[in-house]
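A short write-up of the structure that comes next.
The values are calculated or read from the model by the stated rules, or taken from the named source; none is laboratory data. Keep in mind the model is a prediction, meaning the values are calculated, not measured. Don't worry about glycine lacking a Cβ; one is built from the backbone with ideal geometry, like all the others, and counts go over all protein chains shown.
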Amino acid sequence: MLKNPPTMAEAPQDNQQQGDPKEYPILWWTKWFSQTIEEGKVVNYCGLPYTCRFTLDRSKYDDAKVIIIHASSFDPNDVPSIEDVQSGRKALVLNTLEAPWGWQIKSKWTEIFTHLWSYSFGTADFVQSYFLAGRGPGSFIQNILARPMYTIEEKNQFRQELAPIAWIVSSCTSENARHFYVKQLLKYIDVDIYGHCMKNKDWPTHPDGQQFSDREVVGRYKFYLSIENTNCNDYVTEKIERPYSVGVVPILDGPKDYSRFIPTNHSTIRLDEFSTPEQLAIRIHQLDQNDDAYLTYLDYKALDSNTTIESVLNPKLLQAYDVAPGVWGPDEYGARCGVCKLAHDMAEGDYKYDASKTIGYDQTCAFRKWAFMSWGLEFYWWIGALVVLGIVAGGAVILACSKSRRARHYLFITTSKLTPAWLKSSKASNKNIKLHEYRTLATE
């Protein structure tokens, strides 16, 4: 990771000057969310003796050894030559920072891709998480160690007008149906919700009419709901960095393993730690009333001159993001450097092609995790209880009738008494009609 990575919006001219490093083309087969922002981006910050240039110009197909498809734009009717990919003449890279799209879950189309560029530390060839590696400005570690925006005394003052928890959410559409959980949580504790899903709080503005930034909104609270829209391995977004940077305790729901993304084992609260939303609310109420207990969740920010970062922060976090200058980290710049190296190696014959290498489909996601939270905890729990009681009672009756003639007799009498008169009349009428039909047929 570079100390101060350059912006990638500006690209040098196509004409390569004598003595300039060799440049390798990388072809984006699709646009990025219908945008052409990848056109002309140059990778020249990797410490390599060559550079790479991204393009959407398909006329450069023959020259490009690496082809990239963005997952949201994938069209099975518009793909590069499968023969070129399977023969090793081209590398086909799937690019995505979003949770898997439907076709990535079980589709065999994933088998045509040779490389994955995504957030997944476990499966991606080029890892690009949502956070900047290293210790420079804006890096993940810098935001984690940043001083809280407000003191606990100031937050207690804000509590006179604000809820203990904030949530900024743009949409109720999510794979895990997280809004069902929040609806239940609201029954037991106040949550100020900003955005377009379940909104109950207007976005604040400064006296001059300027709107608060996201961090200014979050910084006034004690807790923030950092709930991802999908539960997949390593899928952790800016929802966790936002509270870290302002000294707010995140309430998490996302992958099973957060160890790469949390400062300490006592710096966050997990939804999965509590059996119900009510139990979570009870814990938040306790911490809201106990400043000392609350501040223990932020003790990783109280680093003095005698305490080293390594002795406080999570080792897996440091291993992933505390990279030295010049080392490619798990961020946008590191991923692009890796793709550039692949383009060089394939063009120069240094890449060892493996015909069996494909990315496969994602099997790590837990979909609809909270889909039945609303009725499961409150509305229809009694239906389940009645069904269980009915099954038990029915089993007892069947067992008794199978062993006792008297029990069968009482069952018949009871059934007869409980049968409505109109149904008895209907049955009798049907019986008489069938008997008449039988006699008619018998005399013909």
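Of all residues in the range 398-415, which are among the hydrophobic types (A, V, I, L, M, F, W, C), loosely packed, with under 14 Cβ neighbours inside 10 Å and modelled with pLDDT under 70? Show your work before the answer.
As a first pass, look at the range 398-415 and keep what is among the hydrophobic types (A, V, I, L, M, F, W, C): 398-401, 407, 411-413.
So of that shortlist, the ones also loosely packed, with under 14 Cβ neighbours inside 10 Å come out as 398-399, 412-413.
Result: 412, single match.
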**Report entry** Residue ID - nearest to residue 42 (Cα to Cα), chosen from residues in the range 53-72 that are among the hydrophobic types (A, V, I, L, M, F, W, C) and free of Cβ contacts under 8 Å to residues at least 40 places away in the same chain
**Finding:** 54
Query - Sole residue being closer than 26 Å to residue 103 by Cα, modelled with pLDDT of 95 or more, more than 31 Å from the chain's Cα centre (by Cα) and among the aromatic types (Phe, Trp, Tyr), chosen from 61, 24, 50 - result: 61
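What number of residues within the range 270-317 are part of a helix (DSSP H, G or I) and either outside the structural domain of residue 224 (by TED's automatic domain parsing) or free of Cβ contacts under 8 Å to residues at least 24 places away in the same chain (or both)?
Of the range 270-317, the ones part of a helix (DSSP H, G or I) are 271-273, 277-288, 291-301, 309-311, 315-317.
Imposing the further condition that a residue be either outside the structural domain of residue 224 (by TED's automatic domain parsing) or free of Cβ contacts under 8 Å to residues at least 24 places away in the same chain (or both) reduces the set to 272-273, 279, 283, 286, 292-293, 310-311, 315.
Going through the range 270-317 one residue at a time, the tally reaches 10.
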Query raised in the report: Does the range 182-203 contain any residue that is outside any helix (DSSP H, G or I), surrounded by 17 or more Cβ atoms within 10 Å (Cβ to Cβ) and small (Gly, Ala, Ser)?
Result: no
Query - Unique match (being outside the structural domain of residue 101 (by TED's automatic domain parsing) and over 21 Å from residue 289 (Cα atoms)) among 177, 166 - result: 177
Report summary line: If we keep only residues of the range 46-75 that are of a type in the set (Phe, Trp, Tyr) and assigned to a strand (DSSP E or B), then the residue farthest from residue 344 (Cα to Cα) is 54
Query raised in the report: Quick one: how many residues across the range 285-301 are surrounded by 13 or more Cβ atoms within 10 Å (Cβ to Cβ) and either closer than 17 Å to residue 154 by Cβ or in contact with a strand residue (DSSP E or B) (Cβ under 6 Å, 6 or more places away or on another chain) (or both)?
Result: 8
Report summary line: Only unsatisfied item for residue 155, checking (1) surrounded by 15 or more Cβ atoms within 10 Å (Cβ to Cβ); (2) touching a His at 6+ places or on another chain (Cβ under 8 Å); (3) within 30 Å of residue 288 (Cα to Cα); (4) not aliphatic (A, V, I, L, M), is (2)
Report task. Inspect the range 76-98 for any residue being among the acidic types (Asp, Glu), surrounded by fewer than 18 Cβ atoms within 10 Å (Cβ to Cβ), in contact with a Pro (Cβ under 6 Å, 6 or more places away or on another chain) and assigned to a loop (DSSP other than H, G, I, E, B) and give the result as yes or no. Result -> no
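Suppose we filter 313, 303 for residues that are hydrophobic (A, V, I, L, M, F, W, C), modelled with pLDDT under 95 and in contact with a Pro (Cβ under 7 Å, 6 or more places away or on another chain); which single one remains? Please lay out each step first, then the result.
Values: 303 fails: in contact with a Pro (Cβ under 7 Å, 6 or more places away or on another chain).
So the residue among 313, 303 that is hydrophobic (A, V, I, L, M, F, W, C), modelled with pLDDT under 95 and in contact with a Pro (Cβ under 7 Å, 6 or more places away or on another chain) is 313.
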**Report entry** Whichever residue in the range 356-382 is modelled with pLDDT of 80 or more and small (Gly, Ala, Ser) and, among such residues, is surrounded by the most Cβ atoms within 10 Å (Cβ to Cβ)
**Finding:** 366
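If you scan the range 204-216, which residues turn out to be farther than 16 Å from residue 150 by Cβ and assigned to a loop (DSSP other than H, G, I, E, B)?
Restricting attention to the range 204-216, the residues satisfying the condition of being farther than 16 Å from residue 150 by Cβ are 205, 207-211.
207, 208, 209, 210 - these are the residues of the range 204-216 that are farther than 16 Å from residue 150 by Cβ and assigned to a loop (DSSP other than H, G, I, E, B).
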